[in-house]
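*Asks:* Quick one: structure below, then a few questions.
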Amino acid sequence: MLERLTAFFGNPAGYHTPLPEADAQHAMGALLVRAAKADHTYLVEEIAMIDKILAQRHGINPVAAAKMRAECELLERKIPQTTDIAAILETAIGTAEKEATLLALWQVVFADGIMHVEEDEVLHQIEAVFGVGPERAKELQLQAEPS
């Protein structure tokens with residue numbers, strides 16, 4: 001009995017989630033994950049916000065959003081530099097979508113109710129790659145702050 005439980009939970013088939021294509025959708029999700037993990041925690045509130053954003057942005061159901069988030073988590077682990085992930089989006093999306101992505105990133109940062117310096121630094125790196133000026137970036141941050 002114990003062997004079967006160990007086999008069940010130990011992934012005996014060696015199944016691994018394949019690395020998703022580094023397309024704009026997965027890169028955006030990877031940035032959401034990176035923003036959530038910037039403070040060295042990955043809380044359930046942040047995960048829920050990422051799932052909500054992915055579902056809304058891509059018109060998918062919650063299960064598909066959770067699956068996509070898992071793929072984005074894998075991509076986020078495989079690309080070490082935040083600027084490399086952001087660069088995928090920099091050429092793939094327009095200004096309005098970049099701003100919408102920054103707004104979503106701030107929503108993830110604020111999801112746990114605590115803003116950390118590391119999160120702020122990651123968002124400023126992304127803003128620089130996207131070419132969003134400090135004034136507009138601050139407007140997006142204020143728009144995402146909970147009231």
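Each reported figure results from applying straightforward, stated rules to the coordinates on display, with no laboratory input. All values reported here derive from a predicted model rather than from experimental measurement. Every residue, glycine as well, gets a Cβ built from its backbone with ideal geometry; the counts of neighbours run over all protein chains shown.
*Asks:* Assigning unit charges at the beta carbon (Lys, Arg +1; Asp, Glu -1) and nothing else, what dipole magnitude in debye, to the nearest 20, does the stretch 22-144 show about its Cα centre?
*Replies:* Values: 11 positive and 20 negative charges, 75 e Å.
Rounded to the nearest 20 debye, it is 360 debye.
*Asks:* Still on this model: Order of 53, 85, 47 from fewest to most other C-beta atoms within 10 Å? Display every interim value, and only then the final one.
*Replies:* Details: 53 23, 85 27, 47 18.
With the sparsest Cβ surroundings first, the list reads 47, 53, 85.
*Asks:* Right, something else. Fully extended, how many nm does the chain gain between residue 70 and residue 48 (0.36 nm per residue separation, minus their Cα-Cα distance)? Mind dumping the intermediate values first?
*Replies:* Details: separation 22, 0.36 × 22 = 7.92 nm, distance 1.23 nm.
Separation in residues times 0.36 nm, less the Cα-Cα distance, equals 6.7 nm.
*Asks:* Another question, if that's okay. How far apart, in nm, are the 7 Å Cα→Cβ label points at residue 91 and residue 115?
*Replies:* Going from the residue 91 label point to the residue 115 one covers 3.3 nm.
*Asks:* If you don't mind, there's one more thing I want to ask. Can you put 23, 51 in order, fewest other beta carbons within 10 Å first?
*Replies:* Values: 23 12, 51 21.
Ranking 23, 51 by Cβ neighbours within 10 Å, fewest first, gives 23, 51.
*Asks:* Follow-up question, since we're still on this one. For residue 77 and residue 147, what does the FRET efficiency come to when R0 = 41 Å and r is the distance between their Cβ atoms, rounded to the nearest 0.05? Spell out each step's value before the answer.
*Replies:* Details: r = 34 Å, r/R0 = 0.83.
After rounding, the FRET efficiency stands at 0.75.
*Asks:* Calculate the FRET efficiency for residue 23 and residue 84 from the Cβ-Cβ distance with a Förster distance of 22 Å, rounded to the nearest 0.05. Don't skip to the end; give the middle numbers.
*Replies:* Details: r = 14 Å, r/R0 = 0.65.
For residue 23 and residue 84, the calculated efficiency is 0.95.
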